[in-house]
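The values are calculated or read from the model by the stated rules, or taken from the named source; none is laboratory data. All of these numbers come straight from a predicted model, not from anything done at the bench. For neighbour counting, all protein chains shown are included, and Cβ atoms are generated from backbone atoms with ideal geometry for every residue, glycine included.
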Amino acid sequence: MMGLESQVRRYVCRRVYKPMDGGSTSPLLVQANDREKTVPIKLVMKLRHPPNGEGTSHVGSTSLIAELVASLLARAVGVMVPDFGVIELSEELAGVSAPEEPEIRVALKESVGENFASALIGQVEPWMDVTFGRRPSGGLKDNANAVLQFDASIWNADRGVDTTNLLVDGEDLYCIDHSMSFAVRDQATQVACPPIQDGIVERHCTRPVLLRSGVSPDCLLKKWFDLPGQVFDEVEQAVPTAWETTPGDNARIVEFARRRRDVFAENRAKLVRVVS
Ligand SMILES: Nc1ncnc2c1ncn2[C@@H]1O[C@H](COP(=O)(O)OP(=O)(O)O)[C@@H](O)[C@H]1O
Ligand SMILES: [Mg+2]
């Protein structure tokens, strides 16, 4: 596969508006220039050093590596994510931007340089509203199935029924927020690379829909299984080195992702058990 790096867009932040509703790390709605486009666009910027950065949902700038690696791999296996990339925040803008919250002003100053951004998806519906009590369409069911399999592959516990981190546009499901994927908090788990925990798939937001409609967890895990090694090399090269909290974070996260194929059979067996 050619040109994975070209999927990482390069943005320059022009204006900081306000924190998004929801989430625990106060991602910011911003205006930015995309180097390949002339018209300014709205993005959601996630900072290297967000307020509450040492809370449960962020592991310093290493979480941005997880965001970028997950987004690239989602694209590689055909799971939808908003356009994404690296956004440059200048010292000057960080100094003059004044969201009301003082801790966000501090976070901006600490995060001058490269941060993670995703294109703002407007007009979305919450996941629960579109599925509650309804038999989902075939497309929605297939996409939900793909998301569950993707999360099993990247070890993502952050798409449970309370925090779905899923933006719904008709049948399209955009995945966001992969800041805790790849067991970023726990190096011992990364080294062991076990199959995903039962609880993560049992509490996954798509499970009720999948149980109602019947699916087979095959195609996507298989796609992951078949990803050429070169994809992972390219993913590793696309990550800014400034995002490592500890030297080697990037290589370790990508290696964990690469080795998920080793637990393919166990993951598949778990998914079959949980959604049938
Ligand atoms: N690209 C996007 N388009 C639209 N809304 C978004 C986007 N990214 C984030 N959001 C909104 O902002 C909230 C917080 O973002 P998220 O990435 O989940 O941050 P956190 O890691 O703090 O949970 C999300 O729950 C969602 O409502
Ligand atoms: Mg979130």
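Residues in the stretch 162-187 that are over 18 Å from ILE65 (Cα atoms) and away from ligand 1 (no atom under 14 Å from the Cβ): 2 in all. Quick check on the stretch 18-40: of everything there that is in a strand (DSSP E or B) and modelled with pLDDT under 95, which residue is farthest from ligand 1 (Cβ to nearest atom)? It comes out as ASP34.
Within the option set ASP158, ASP162, being at pLDDT below 90, within 15 Å of ligand 2 (Cβ to nearest atom) and not in a helix (DSSP H, G or I) holds for one residue only, ASP162. Looking at GLU110, is it more than 14 Å from ligand 1 (Cβ to nearest atom) and touching a His at 6+ places or on another chain (Cβ under 7 Å)? Taking the combined requirement at face value, the residue satisfies it. Each residue in the stretch 157-190 was checked for being among the aliphatic types (A, V, I, L, M), within 22 Å of VAL263 (Cβ to Cβ) and in contact with a helix residue (DSSP H, G or I) (Cβ under 8 Å, 6 or more places away or on another chain), and 4 of them qualify.
Residues of the stretch 1-31 that are in contact (Cβ under 8 Å) with a residue 12 or more places away in the chain and within 14 Å of ligand 2 (Cβ to nearest atom): PRO19, MET20, GLY23, SER24, THR25, SER26, PRO27, LEU28. Taking helices (runs of 4 or more DSSP H) as the structural unit, those lying wholly within the stretch 194-274 and holding at least 3 residues that are modelled with pLDDT under 90 and over 24 Å from HIS58 (Cα atoms) correspond to 207-213, 219-226.
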